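First the structure, in the form of structure tokens, and then the observations on it.
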Number of protein chains: 2
Amino acid sequence: MKQIRRENHLARTDRAALDSVLDAAAVGTLATVVDGLPWAVPMLYARDGDRILLHGSTGAGALRHVAAGAPAAFCVTLLDGMVVADTLFESTANYRSAVVRGNLTAIDAGDAAYALDLLSDSLIPGRSSEVRSSTKKELAATLAIALPIEPEGWTVKIRDAPPPRPETNADLGSWAGVVPLRTVAGDPVPAPWVGADVDVPESVLRLVKGT
Amino acid sequence: MKQIRRENHLARTDRAALDSVLDAAAVGTLATVVDGLPWAVPMLYARDGDRILLHGSTGAGALRHVAAGAPAAFCVTLLDGMVVADTLFESTANYRSAVVRGNLTAIDAGDAAYALDLLSDSLIPGRSSEVRSSTKKELAATLAIALPIEPEGWTVKIRDAPPPRPETNADLGSWAGVVPLRTVAGDPVPAPWVGADVDVPESVLRLVKGT
């Protein structure tokens, strides 16, 4: 199998490509350095223009190491297909990935409500308008951090192609191709206390339809 | 939205849980430290008993920083559902995640064929028996590295539950629940040079059926 970043021609340098990859996923891996060692944690996120909002609670063990100003790399990957070549060596994956590098910044307490709404609406479109506003207590327990997207601070790789053509004609007779992979939503599962007569909200219907 | 690792009771300490998470995904994020800064890259991988095989080519820019012995953290995340609570604050995600920490090790040239077969069969079950053996040239261009799974060197978190029950009865009347997410394979797409009469191999049929 080919290492998925081997092919350098897959790199994309247009900002629109970065935004499309970031906007297509909901979870990424935040990597930072703690006591000289690599540290990684999965995080829900949303892009807010030129920054990535990462969300936690002030009690989150996952974030206790992450101070404002800490250097970080945030990696998002969407696996779009397995690429089945005529050899193991040429087999690989179709994927979209982005790595954004920069220094984490804190989000002001005054922006916490905005950040929470934006993150929620990114993950469940329209959800923030269906529920009550967050309370001061909730916002105080919310720790939002941001990673700025800087002009030279990111890389995007996209592979979306069939396997390489075999070099020898003898191998042209065997099957080769791509098995596409995608994420789909199943039917919404109501919580145990929710009655059968309660309508599923628009935001949830939209989420199910959109995947 | 709750930061997805906030709830510490989600941590699992049984090795079977780690293996099940690692074996359920095909791509993860390798994080390491380069010149004191965090560095992250998505990589295809497979678990081989007590180690994770990560695969590249010797020309891979992605791996030029990764020396044998380098400290690393490898993070795998499966997003299993969006958890829609009655408040934004309590909304979160169902997921499975694993982080394995340790020092990368090189794989001997003599083990490269084994590693390539195992990785291929992990991603496309049974594929290695359908194609010719890898050539010496291919194996020489293959750089397999491994991350050992050590007893204290990993963490697993699994959330698989409805949203928290509302604290006030007034909120019990609104919908809350989970939108399950899963990855599915589409119909295999043959490469442009593959004739319509060429059978799709068993490994590919198995992959499509298994997802």
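Tabulated data
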quantity	calculated
Residues of segment B:80-134 that turn out to be of a type outside the set (D, E, K, R) and in a helix (DSSP H, G or I), as a count	14
Total residues in segment B:114-154, condition of a type in the set (A, V, I, L, M, F, W, C) and either out of contact with any strand residue (DSSP E or B) (no Cβ under 9 Å at 6 or more places or on another chain) or on the phi > 0 side of the Ramachandran plot (or both)	3
Check on B:Thr183, touching a Lys or Arg at 6+ places or on another chain (Cβ under 9 Å) and more than 8 Å from every other protein chain (Cβ to nearest Cβ)	no
Selected residue (criterion: nearest to the chain's Cα centre (by Cα)) from residues of segment B:34-48 that are touching a residue at least 12 places away in the same chain (Cβ under 8 Å) and more than 22 Å from A:Asn94 (Cβ to Cβ)	B:Arg47
Positions within segment B:83-129 being within 30 Å of A:Val204 (Cβ to Cβ) and touching a Cys at 6+ places or on another chain (Cβ under 9 Å), in sequence order	B:Ser97, B:Ala98
Total residues in segment B:194-209, condition open to solvent by less than 70 Å² (accessible area, probe 1.4 Å) and closer than 15 Å to B:Asp121 by Cβ	4
Any hit, segment A:161-174, residues being more than 30 Å from B:Val131 (Cβ to Cβ), part of a loop (DSSP other than H, G, I, E, B) and charged (D, E, K, R)	no
The one condition in (1) within 22 Å of the chain's Cα centre (by Cα); (2) open to solvent by 20 Å² or more (accessible area, probe 1.4 Å); (3) farther than 24 Å from B:Gly186 by Cβ; (4) modelled with pLDDT of 95 or more that A:Arg182 fails to fulfil	(3)
Any hit, segment B:111-134, residues being in contact with a His (Cβ under 7 Å, 6 or more places away or on another chain), touching a residue at least 40 places away in the same chain (Cβ under 8 Å) and not small (Gly, Ala, Ser)	yes
Matching residues in segment B:93-108 - criterion: being out of contact with any helix residue (DSSP H, G or I) (no Cβ under 7 Å at 6 or more places or on another chain) and more than 8 Å from chain A (Cβ to nearest Cβ)	B:Asn94, B:Val100, B:Gly102, B:Asn103, B:Leu104, B:Thr105, B:Ala106, B:Asp108
A:Asn169, sole failed condition from (1) within 8 Å of chain B (Cβ to nearest Cβ); (2) modelled with pLDDT under 95; (3) open to solvent by 40 Å² or more (accessible area, probe 1.4 Å)	(1)
Long-range neighbours under 6 Å by Cβ, at least six apart or interchain, first residue at the interface with chain A (Cβ under 7 Å from one of its Cβ atoms) within segment B:192-209, second among the charged types (D, E, K, R) and surrounded by 10 or more Cβ atoms within 10 Å (Cβ to Cβ)	B:Pro201/B:Glu130
Count - residues of segment A:185-206 that are at pLDDT below 95, farther than 27 Å from B:Asn169 by Cβ and in contact with a strand residue (DSSP E or B) (Cβ under 7 Å, 6 or more places away or on another chain)	0
Every residue from segment A:135-164 that is open to solvent by less than 50 Å² (accessible area, probe 1.4 Å), within 9 Å of another protein chain (Cβ to nearest Cβ) and closer than 30 Å to B:Leu88 by Cα	A:Glu138, A:Leu139, A:Ala141, A:Thr142
Condition check for B:Ser97: of a type in the set (Ser, Thr, Tyr) and touching a residue at least 40 places away in the same chain (Cβ under 8 Å)	yes
Residue satisfying all of: in segment B:93-129; within 15 Å of the chain's Cα centre (by Cα) and under 19 Å from A:Pro38 (Cα atoms); surrounded by the most Cβ atoms within 10 Å (Cβ to Cβ) among these	B:Ala98
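The values are calculated or read from the model by the stated rules, or taken from the named source; none is laboratory data. Everything quoted here is computed from the prediction, not taken from an experiment. No Cβ is skipped: glycine too gets one built from the backbone with ideal geometry, and neighbour counts run over all protein chains shown. Protein only, heavy atoms only, side chains kept; ligands, DNA and RNA dropped before computing areas. Shrake-Rupley method; radii C 1.70, N 1.55, O 1.52, S 1.80 Å.
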